[in-house]
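Data first, discussion second: the structure below is written as structure tokens.
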Amino acid sequence: MIEGASQKIRMLEQSPATKGQFSEFVENADWQEVTRSHQEKTEQDVLRALSKSKLDVDDFAALISPAAEPYLLEMVAKSEQLTLQRFGKTVSLFAPLYLSNTCANECTYCGFSMSNAIKRLTLNQTQLGKEIEAIKGKGFDHILLVTGETNKVSMPYFERMIPLIKPHFSQLSMEVQPLDANEYKQLQGIGLDGVLVYQETYRRKTYLEHHLRGNKSNFNYRLDAPDRIGQASIHKIGLGVLLGLEDWRTDSVMMAHHLRHLQKRYWRSRFSVAFPRIRPCEGGIVPKSVISDRQLVQLIAAWRLFDRDLEMSLSTRESPEFRHHAVRMGFTTMSAESKTQPGGYADDSLEALEQFEISDERPVAEIMEMIRQQGREVVWKDWDPALSYI
């Protein structure tokens, strides 16, 4: 225990809060005060937020508070209206492409955690080619590259693989270990369009309880990754917390602060948020803070009211029933027929390699039909790089 605590202290010392970046805000924030910001909201606070066209973080806190629960139907209706105004009747589909499940981190909630006895695989060029062929065969033109976090699957690997992937897809995003700003810039030069870095939780104490070993235990380095992505002028920056590690309302308020921080500084970039709830996995944990379906609907609607230009993503972590009813609420992108293990699209016998269990296993054709039944149109591509900075 002493050795583990010493390692955590060393990791924090390696990456102190950086002036002007979001770690400085978090260092000065009082978690209990942020918690009170939603716990103490009244009906009047909710009505005031609902009456405004431009919301601040305090208004967002009101909309996710218990006081807003009686106004859920009004929130959902307004969320749908704002989404139609900004994005029309379209939903973009994407697929995660897992390049590797090798990981040097010890995370309590993840099936890739280094101590879990699962088979490890990092795709070589031949295996990657088979995955690309299988994904393209389903119609996808937007993919999200995912890996475990290890020095063996880092910049040299990305620099080899991205040029092989990019010619096949119009949009290429990644959710991998945090990198330096110059590294993000290098990857942008060879085809990278967007980067997602989920903080998991903004409470340092809880974060360190769930990230026991490895580079991911460096709280501030991960926290400031979106700033570095913005400094590299990456086209899209994605945020998210793992709903269940901490009080979901407090974490969400902190993420709203994070979004506004980034928007003020990196206004040329687009922004997205996702809503992952803890899913079963090898060695998984029991959530500390359970968010019900109804509360998740409230959170989703609140995000759309908070920012009408925000891209919002719904993954196959959620059930078919939930996704069916949530399509119209505010989402702009959805994953479909996801495989959370490397090689899973070309070889469906590799479940032992998966990061977590998905809930919505329906094939792409069924997802497309479901979206159409909800009065929405499926799109595979929503922008061209040549036009992205006009």
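The values are calculated or read from the model by the stated rules, or taken from the named source; none is laboratory data. Fair warning: this is a prediction, and the values are worked out from it, not measured in the lab. Using ideal geometry, Cβ is built from the backbone for each residue, glycine included, and neighbour counts are taken over all protein chains shown.
Before moving on, here are some points about what is shown:
- The single residue among Glu74, Glu69, Glu106 that is farther than 28 Å from His325 by Cα and of a type in the set (D, E, K, R) turns out to be Glu106.
- Against the test of being under 19 Å from the mean Cα position of the chain (by Cα) and on the phi < 0 side of the Ramachandran plot, the options Leu187, Leu145, Leu164 yield a single qualifying residue, Leu145.
- In segment 81-97, of all residues being of a type in the set (Ser, Thr, Tyr) and either within 20 Å of Glu131 (Cβ to Cβ) or in a strand (DSSP E or B) (or both), the one that is farthest from the chain's Cα centre (by Cα) corresponds to Thr90.
- Residues located in segment 270-309, provided they are assigned to a loop (DSSP other than H, G, I, E, B), without any contact (Cβ under 8 Å) to a residue 60 or more places away in the chain and either in contact with a helix residue (DSSP H, G or I) (Cβ under 6 Å, 6 or more places away or on another chain) or surrounded by fewer than 20 Cβ atoms within 10 Å (Cβ to Cβ) (or both): Val286, Pro287, Ser289, Val290, Ile291, Ser292
So that you can scan it fast, the table gives a plain yes or no per residue for (1) at pLDDT 95 or above; (2) closer than 20 Å to Arg294 by Cβ; (3) in contact with a strand residue (DSSP E or B) (Cβ under 7 Å, 6 or more places away or on another chain):
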residue: Val46; (1), (2), (3): yes, yes, no
residue: Ala68; (1), (2), (3): yes, yes, no
residue: Leu93; (1), (2), (3): yes, no, yes
residue: Ala104; (1), (2), (3): no, no, yes
residue: Gly111; (1), (2), (3): no, no, no
residue: Asn124; (1), (2), (3): yes, no, no
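- The residue of segment 162-178 that is surrounded by the fewest Cβ atoms within 10 Å (Cβ to Cβ), among those that are β-branched (Val, Ile, Thr) and more than 23 Å from His211 (Cβ to Cβ), is Ile162.
- For segment 319-332, the candidate set comprises residues that are surrounded by 22 or more Cβ atoms within 10 Å (Cβ to Cβ) and of a type outside the set (A, V, I, L, M, F, W, C); within that set, the residue that is modelled with the lowest pLDDT is Gly330.
Residue-by-condition table, conditions (1) modelled with pLDDT of 95 or more; (2) farther than 21 Å from Leu262 by Cα; (3) of a type outside the set (D, E, K, R):
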site	(1), (2), (3)
Lys130	yes, yes, no
Ile165	yes, yes, yes
Tyr207	yes, yes, yes
Arg228	yes, no, no
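- Those residues of segment 229-261 which are in a loop (DSSP other than H, G, I, E, B), in contact (Cβ under 8 Å) with a residue 60 or more places away in the chain and of a type in the set (A, V, I, L, M, F, W, C), in sequence order: Leu242, Leu245
- Any chance Tyr109 is under 25 Å from Ser252 (Cα atoms) and under 20 Å from the mean Cα position of the chain (by Cα): yes
- Every pair of residues 6+ apart whose Cβ atoms lie under 6 Å, when the first sits in segment 114-138 and is surrounded by 12 or more Cβ atoms within 10 Å (Cβ to Cβ) while the second is of a type in the set (Phe, Trp, Tyr): Glu131/Tyr345; Ala134/Tyr345; Ile135/Tyr345
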